[in-house]
Each structure stands twice: as structure tokens, then as C-alpha cells.
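Down below is the structure, laid out as C-alpha cells.
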Amino acid sequence: MMVGARRILVGFLDPFCTKKCPGPAALVLLLSLYGCTHATGLIPSGARCIENIPYFAQEDFQCGPAALATVVNYWYLKDGSGKHLPIETIVADIYSPSARGVLGMDLGLYARKLGFNVVDHQGSVGEIRRNIDLGVPVIILVDYGVFAYQRNHFMVAKGYTDDGIIVNSGREENQVIPAEDLNRIWKKTGFWLLAIKPSF
């Protein structure tokens, strides 16, 4: 339990906070809601995972650009074109310092300008799994906030286990989130999902 509590506390105090963090009572509630540890690191045995997904550890408030760089550069690697889109280019083009982030709409529009087919809509864990089976990593938006406090965060779903989804999230690669936990934090954003596919 201490490991789970430490991981949650670090996540709670991390730079994804875009507003003043709530007080100790909210932290206690958060710890009770998210008491389980989300494993990070190696991909579990038997998991289904898309290979050769690049990993971009995000800087403060830059989860959106990091997620977009991950997916776009995955397709560039896959098509063998030799193209590469630096995360710094995405940040310079769409990151808003005043908003401390980007909107999901910004990510979709940027990918379209690069020539990709883009669909954003209400998703599901089943749809994430179907996309992964097709070799399509997807970007999802979750909310780690409590009550009216929002702490939105973009992550890339790249694999799944029997009971969870494998994501690249923030500064953690291959994080396994149990499906029940994912649904709880994903529901608050209307299960927002962004699928980016090449048009070639």
C-alpha cells in the first residue's frame, strides 16, 4: 500500500496540476479512490502490445504534444519515410503557455495538417483493444481531478492485458492501468479518444 500511496502522491503533486491543488482532505479521498498501484516498466508477459512505439517523456504541462509526437512518429517509423517530428516543433506550434497545455481539438487539427486521417469521439476500452489489434495506437484524455477540480491528462494507449490497458503517460512508459481504474478517470472526459491514421 505504501508504494501505491507514494506513486499517487507523486502523481498528485506533479506538474500536470493546472490549478491550485486541493487540500489534505481531497488528498485523502484521492488516496482512497486510487489505492492500487499501476505497474510501470516492462510489458507484462502475455500482453498484446504494438511494437516500435517511440516514447517521449513530457516536460511540464506538455502531455498533449508528447502524445501527438508519439503517434505521429510511430507512423513515420512504420512507413520508412525517414521523417521525424520533434516534440519541440509541436510545442512551438500549438502549446499555449497561458492555458498551460493544449486542447484535444488542437491535436486533431495539427495531425490533419500533417496529412493524417483523424477521428475523435467517445471511445471505450473495447475500442482501444480493437485499435491495438489493428496496430493503431490511440490518444485518450483522462481526468485525475477530484470533485470540481480538473486535472486533465493526455496519454497514448499502446497495448492491453486481460484486465488492463498499457499506456505511455507523462514520464512513465508501459504503465498498466486496470480497466476499472481507467474507466473511472476516463469517464469524466466523456471517454474522449483520438485515432490518428495515415492517409497513404
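In the range 91-107, the qualifying residues are those that are assigned to a helix (DSSP H, G or I) and under 19 Å from V167 (Cβ atoms), and the one that is modelled with the highest pLDDT is L107. When F154, F147 are checked against the criterion of being on the phi > 0 side of the Ramachandran plot and not polar (S, T, N, Q), a single residue qualifies: F147. What about I128, is it under 21 Å from A47 (Cα atoms) and either surrounded by fewer than 18 Cβ atoms within 10 Å (Cβ to Cβ) or within 14 Å of the chain's Cα centre (by Cα) (or both)? It is true that I128 is under 21 Å from A47 (Cα atoms) and either surrounded by fewer than 18 Cβ atoms within 10 Å (Cβ to Cβ) or within 14 Å of the chain's Cα centre (by Cα) (or both). Taken over the range 142-175, the criterion of being hydrophobic (A, V, I, L, M, F, W, C) and either touching a Lys or Arg at 6+ places or on another chain (Cβ under 6 Å) or surrounded by fewer than 21 Cβ atoms within 10 Å (Cβ to Cβ) (or both) is satisfied by V146, F147, A148, I166. Check whether at least one residue in the range 158-170 is at pLDDT below 95 and over 18 Å from A47 (Cα atoms), and report yes or no. Within the range 158-170 (the criterion being at pLDDT below 95 and over 18 Å from A47 (Cα atoms)), the answer is yes, since at least one residue qualifies. Can you tell me how many residues in the range 61-112 are free of Cβ contacts under 8 Å to residues at least 12 places away in the same chain, charged (D, E, K, R) and in contact with a helix residue (DSSP H, G or I) (Cβ under 7 Å, 6 or more places away or on another chain)? Residues that pass the stated criteria total 1.
The values are calculated or read from the model by the stated rules, or taken from the named source; none is laboratory data. All of these numbers come straight from a predicted model, not from anything done at the bench. Please note: Cβ atoms are built from the backbone with ideal geometry, for glycine as well, and neighbour counts cover all protein chains shown.
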